[in-house]
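To keep things clear, I will list the structure first and then write my remarks on it.
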Amino acid sequence: MKRIYETMFIVSPKLDEEERNAMAEKVRDYIVERVGGTIEKFDRWGIRKLAYRVAKGFSEGDYTVVQFRAEPETLDILERFFGITPDVFRWQTFRREDLEKAEKKASLKPAEAVEEPETVEVVESVEAAAETVVEDSSDEAAGVETETVEEVKQTEE
C-alpha cells in the first residue's frame, strides 16, 4: 500500500538558478522513476536564510518541498540519493499520517451519508409522534378541567 510522504531538501546556494532548478527536477524525476512514487505536490520555496550557519559555511539555502505517494520499502532509495548528492546538504523525509487519516475519514463519509437520511426520517417521525402525544395530552387536560368545573357547579347547587 502506498503511503503519503513529504520531503524537504535544501540545495547549495552556490549553484546558479538554473542548476538549482535542475537539481529540484532531478529529485522529482528520481522519485517517479527510481522510487516508483507519484508526485502530489511540488513546491519550490527558493533561497531562504537558515536558522544557523552550517558546517559547509552556508547561511542560506534553496528550499524545495515535495509531497508524494510511495511504497515504504522504496523510500530508502531516495534517502541514499540525498546522501550521495553533494549539492543537497540537508533533507528530511517523513510520513504524513495526518493526510492519510483525513483521506480515510473522507472515504468513510459517503457510506455514512447513505445511512443518515434513514436516521433523519426516524427522528422526524419521533418528533411527529411526540407532537401527537402532546396534542392528546392537551385534549385530555382540557377534558379534566371541564369535568372538575362541572363537578364544582353540581356541588354548589
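A few notes on this one:
- Gain upon complete extension [Lys2, Leu108; 0.36 nm per residue less C-alpha separation]: 36.3 nm
- Other residues whose C-beta falls under 14 angstrom from the C-beta of Ile84 contribute a net charge of 0, scoring Lys and Arg +1 and Asp and Glu -1.
- Spin-label zone in the range 1-16 - amide nitrogen under 17 Å from a point set 7 Å from the Cα of Ile77 along the C-beta vector: 1-7
- Straight Cα distances below 25 angstrom link Lys26 to the lysines Lys2, Lys14, Lys41, Lys49, Lys56, with same-chain residues fewer than 8 positions distant left out.
- Model label sites at Phe94 and Asp29, defined 7 Å from Cα along the beta-carbon direction, differ in position by 3.1 nm.
- Taking other residues whose beta carbon is less than 10 angstrom from the beta carbon of Met8, and scoring Lys, Arg as +1 and Asp, Glu as -1, yields -1.
Coordinate-derived values only; no laboratory data. This one's a predicted model, so the numbers in the text were calculated from it and none came from an experiment. Glycine gets a Cβ as well: all are built from the backbone with ideal geometry, and neighbour counts include every protein chain shown.
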